[in-house]
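Asker: After the structure tokens below, expect a handful of questions from me.
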Amino acid sequence: MKPNHYLYISIICFLLIIVAIFLQQVGYQGVFYAPCPLCILQRVGFLGIAIMCFMAASFAYFARWFQALALISSLFGLGVASRHVWILSHPEVSCGIDPLEVWINQFQIVNGLPWLFKADGFCTAQLPLIFGLAVPVWSLIWFVILTSVLLVTLFKKK
């Protein structure tokens, strides 16, 4: 992949995080989207992809290694987003106030950036749909796209 392609992926991931923060801080249709523990873990996945792709664009010699790390972040996010969508379709299961939330909120980075990493929502919250889909479904779609691109280009010959 060319360095500018890595930058495009990085920018897309940063924009997705900005949209999540916007939904959390400003809201949509009068509803604020409080992030649940799985939402925070998905943000970490997008942030991992963004940082690794930025590093791949910056250091061309190690680009494949950084792309592999971005792929691992993407697979992590894909797994978390899949679990979140599954929980949405099975409302009797919840990840609400549980050990995962306590574990995430104890990290020092949460105290420093609570607007980005503090988990205080419920995974089963029925929030307004955006273009007909729930936010975790949109996240899952983006993780599928990013994983596919990173996977195909990682094993593609130059």
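Asker: Checking Pro114 against (1) out of contact with any Gly (no Cβ under 6 Å at 6 or more places or on another chain); (2) at pLDDT below 90; (3) over 20 Å from Cys13 (Cα atoms), which single condition isn't satisfied?
Answerer: So the condition that Pro114 fails would be (3).
Asker: Something else about it: Between residues in region 113-139 that are closer than 15 Å to Phe22 by Cβ and residues that are in a loop (DSSP other than H, G, I, E, B) and among the hydroxyl-bearing types (Ser, Thr, Tyr), which pairs lie under 6 Å by C-beta distance while being six or more apart or on different chains?
Answerer: As it stands, the answer is Leu127/Tyr33, since those pairs meet every condition given.
Asker: Find the residue count for region 104-130, including only residues that are of a type in the set (A, V, I, L, M, F, W, C), in contact with a helix residue (DSSP H, G or I) (Cβ under 8 Å, 6 or more places away or on another chain) and in a loop (DSSP other than H, G, I, E, B).
Answerer: Matching residues across region 104-130 total 4.
Asker: Testing Ile145 on (1) over 18 Å from Ser89 (Cβ atoms); (2) at pLDDT below 85; (3) of a type in the set (Val, Ile, Thr), one condition comes back false. Which one is that?
Answerer: The number of the failed condition is (2).
Asker: I'd like the residue in region 62-74 that is out of contact with any Leu (no Cβ under 9 Å at 6 or more places or on another chain) and either hydroxyl-bearing (Ser, Thr, Tyr) or under 24 Å from Val137 (Cα atoms) (or both) and, out of all such residues, is surrounded by the fewest Cβ atoms within 10 Å (Cβ to Cβ).
Answerer: Step one: filter region 62-74 for residues out of contact with any Leu (no Cβ under 9 Å at 6 or more places or on another chain), giving 62-63, 65-66, 69, 72.
Applying the additional criterion that residues be either hydroxyl-bearing (Ser, Thr, Tyr) or under 24 Å from Val137 (Cα atoms) (or both) yields 69, 72.
Details: Leu69: 19, Ile72: 15.
Of everything passing the filter in region 62-74, Ile72 is surrounded by the fewest Cβ atoms within 10 Å (Cβ to Cβ).
Residue by residue, here is whether (1) over 22 Å from Ile11 (Cβ atoms); (2) modelled with pLDDT under 95 holds:
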{"site": "Phe62", "(1), (2)": "no, yes"}
{"site": "Leu78", "(1), (2)": "no, no"}
{"site": "Ala81", "(1), (2)": "no, no"}
{"site": "Gly96", "(1), (2)": "yes, yes"}
{"site": "Gln108", "(1), (2)": "yes, yes"}
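Asker: Tell me which residues, restricted to region 1-18, are surrounded by 14 or more Cβ atoms within 10 Å (Cβ to Cβ) and without any contact (Cβ under 8 Å) to a residue 12 or more places away in the chain.
Answerer: Scanning region 1-18 gives a single hit, Tyr8.
Asker: Just to verify a result, which residue in region 19-40, among those that are out of contact with any Asp or Glu (no Cβ under 7 Å at 6 or more places or on another chain), assigned to a loop (DSSP other than H, G, I, E, B) and hydrophobic (A, V, I, L, M, F, W, C), is surrounded by the fewest Cβ atoms within 10 Å (Cβ to Cβ)?
Answerer: Per the criteria, the residue is Val26.
The values are calculated or read from the model by the stated rules, or taken from the named source; none is laboratory data. Note that the structure is a prediction, hence the values are computed from the model and not measured. Glycine gets a Cβ as well: all are built from the backbone with ideal geometry, and neighbour counts include every protein chain shown.
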